[in-house]
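All remarks here apply to the structure that follows.
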Amino acid sequence: MIPVDYYLFLSLALFTIGVIGVLTRRNVIIMLMSIELILNAVNINLMVFSRMWGSVDGQVFAIFIITDAAAEAAVGLGIILAFFHNRETVLADEMDIMKW
Amino acid sequence: MQTLNQALFIFFAVLAVVSAILLVTRRNIVHGAVFLITTLLSTAGIFLLLEAEFLFIVQVILYVGGIMVLFVFVIMLVNLDDSMRQVQFNRQWFVAGALALVLAAQFLFAIWAGRGALRLPAMAGEISPKNTEAVADALFSHYMLPFEIASILLLVAMIGAVVMAKRRVE
Amino acid sequence: MGHLIPPSILPYVLPVLYAVVIVAVLPLLAGYIVLMERKVMADMQARLGPMRVGPHGLLQPIADAVKLLLKEDIIPDKADKLMFWFAPLVSVTMALLAYSALAIGPAFQIADLNIGLLFILAISSLGIYGIVLGGWASNSHYSLLGALRSAAQLVSYETAAGLALISVLLLAGSLSMKDIVQAQSDQGVWFAFSVPFGFFIYLVGSIAETNRAPFDLPEAESELVAGYMTEYSGFRWSLYFLAEYANMIIVAGIATTLFLGGWLRPGARYHEHIPGTAIEWLDALPALLTLGVALYSLSLAPKQPVKIQKIVMLLVAALCLMVAGVLAGALFAPPAVLQGIHGAFWFMAKVFAYIYAFLWIRFTFPRYRFDQLMRLGWRFLIPLALVNVIGVGVAIVLRQQWAWGPIVSLIPTTLGTLGVAMLLAKDDAPVAEAQTADGE
């Protein structure tokens, strides 16, 4: 039997790596991908607890999270494409139009 | 059967963490996308180990077969040759590391505090054939309102993405 | 046998055996489908096709395989080596993986998953990465453009085909491949006849899914050289090739299971069949057909000019005689064995009929331009498939509330979808003439 703790450690590891990815990378697309990583870590947590308590509510919530991730990825990538057509860059440091 | 479960869990867990680390550190964005695909597939494998077969298939079809295809398309459209030679990491790695440590400490404390209550019930010999039906039941009865809101959200996101990505005819 | 194999491994022996058989047989089968395609193409163009290697070209696939294996492996200079190596692997792995949920006959299935159909769909959607990564890794404009176009086409038609499958799933009530065939047996009618629009949409969608003509713009020779496969040569190219034909067989397998009754024998009253009585002649049909093929190749053997060709013909005749013997012998075996063996025969026969339809369509219709292709997918097939799903829902209500029969309840669905199809076709008037034969 795999203890619940192991699943939680795995999700913690993925979450931490995702957070570090979002905060340290300059490329906006990699930042978006790290956000997907964070969402997946949360999904693993939800699934483990849904299994532990024997209800499917956790799985339904995970479906909503996946749906939400799809919507966010679509809009985010659309924004990146629009910005790229304007400024020819995908680095977060160089997206500073609104700086005073 | 037990050892197979444990072996599979170790395999998927190691694959997920190694792919995640590689994703965050690769210079080549396309390689990063492929590593994210590997991470998502190992997460799907973990869902299957937890007897959630419908979520396994939803993860593969939607996340890997839909969202990641979108990512790969956009990566190929914005692929600059210079991006391989630019600096990859910004200067805030120290703060990020500290923040990650704080988060990890909080989480580990939460696990330690609740360690007595975390016990998985015994798994059945095979995956219950009713998982898809159970999820569908819950989704279309209790969670009907969030379901409808999610579909409107997807519609809005679709329209928004099309509008944002269109080239303006100047 | 049970005491020779420890009980912890026993459940895994048969699936592994089936998997080995499939992986071993599939490249040979794909090669012979290529030969079939060339012969059928030749026949439709009033010529003979490959005749030189082996009698009537029967050894042509072996010659092709040997040539491909011995070719030089060229990697473009600035190509991304890791992705270049990885992409054909992804394609071929996903194509082969999908066979694990396919049920060839009631006894020949590697894994009877509860979500079998969704599993095959998921694996097919993973196959897109082989194309996209291969096109990108070649570091060539033609390849990348072909790959992106091909992926866009696959994603669009996947949606339409999936919706067509949903309309059948509503009637079958389960995602497991065995249960779907069982539902067709219980309802006494194959889903292709009760939901013809679902079958039509899935047919068109599956042609586009496998990049076959008339939807083969991404790999047409006159348009983009060979699309994403341009820079691949030798063994890597043969992996892509194998993946494409394996995909064709998988798609034919899904269509057979869901629409054409799987391993059920064409002929009514499956659940009332008793061997040795009234419908005996339909059961003898497989054996008679194979015997006919054996006799035909026997008659051709003396006419061959070269000795090696005579030997190959005699071998073919012997093989067909053996198969005929097995099929005839199964008639006297217990019903489970009879169903197993004859079921596999009927399944393969239907798969080959579906693939023949693919080939027929390839050599009949001209190629679609890319924007016409996308318009057809998004503005005709997807709305039609959605209307079909709603119609099938109405049919289920008719069945449950007013107890209409299995075929009668689907007549309003078919008529409604036909009306919508005609409306949609009339909608884009100038483009309508360029579209393929639609509706009924």
So for region C:115-124 (the condition being in a loop (DSSP other than H, G, I, E, B) and either in contact with an Asp or Glu (Cβ under 8 Å, 6 or more places away or on another chain) or among the β-branched types (V, I, T) (or both)), does at least one residue qualify? yes
Expected single match for outside the structural domain of C:S138 (by TED's automatic domain parsing), in contact with a helix residue (DSSP H, G or I) (Cβ under 6 Å, 6 or more places away or on another chain), closer than 28 Å to C:L260 by Cβ and assigned to a helix (DSSP H, G or I) among C:V40, C:V20, C:V25 is C:V40
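Here is a yes/no grid of residues against (1) at pLDDT below 90; (2) among the small types (G, A, S); (3) over 22 Å from C:L258 (Cα atoms):
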residue: C:A349; (1), (2), (3): no, yes, no
residue: C:L359; (1), (2), (3): no, no, no
residue: C:R367; (1), (2), (3): yes, no, yes
residue: C:W378; (1), (2), (3): no, no, yes
residue: C:V387; (1), (2), (3): no, no, no
residue: C:V394; (1), (2), (3): no, no, no
Any chance region A:54-63 includes a residue that's within 20 Å of A:V90 (Cα to Cα) and among the hydroxyl-bearing types (S, T, Y)? no
When you look at C:W378, is it under 20 Å from C:S150 (Cβ atoms) and not β-branched (V, I, T), yes or no? yes
Tally the residues that are surrounded by fewer than 23 Cβ atoms within 10 Å (Cβ to Cβ) and part of a loop (DSSP other than H, G, I, E, B), restricting the search to region C:125-139. 1
Does B:L80 meet the test of being assigned to a loop (DSSP other than H, G, I, E, B) and either modelled with pLDDT under 95 or among the acidic types (D, E) (or both)? yes
Set B:F9, B:F35, B:F71, B:F54: member being in contact (Cβ under 8 Å) with a residue 60 or more places away in the chain, surrounded by 17 or more Cβ atoms within 10 Å (Cβ to Cβ) and out of contact with any strand residue (DSSP E or B) (no Cβ under 9 Å at 6 or more places or on another chain): B:F54
Would you be able to tell me the number of residues in region C:30-55 that are in contact (Cβ under 8 Å) with a residue 12 or more places away in the chain and of a type in the set (A, V, I, L, M)? 8
Which one of the conditions (1) closer than 23 Å to B:V69 by Cα; (2) β-branched (V, I, T); (3) surrounded by 21 or more Cβ atoms within 10 Å (Cβ to Cβ) does C:V181 fail to meet, given that it meets all the rest? (1)
The number of residues in region A:23-42 that are within 7 Å of another protein chain (Cβ to nearest Cβ), under 17 Å from B:L99 (Cα atoms) and over 8 Å from the mean Cα position of the chain (by Cα) is 3
Restricting the search to region B:45-69, which residues are more than 9 Å from chain C (Cβ to nearest Cβ), aliphatic (A, V, I, L, M) and touching a Leu at 6+ places or on another chain (Cβ under 8 Å)? B:I46, B:L49
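The values are calculated or read from the model by the stated rules, or taken from the named source; none is laboratory data. None of the values given here were measured: they were computed from a predicted structure. Every residue, glycine as well, gets a Cβ built from its backbone with ideal geometry; the counts of neighbours run over all protein chains shown.
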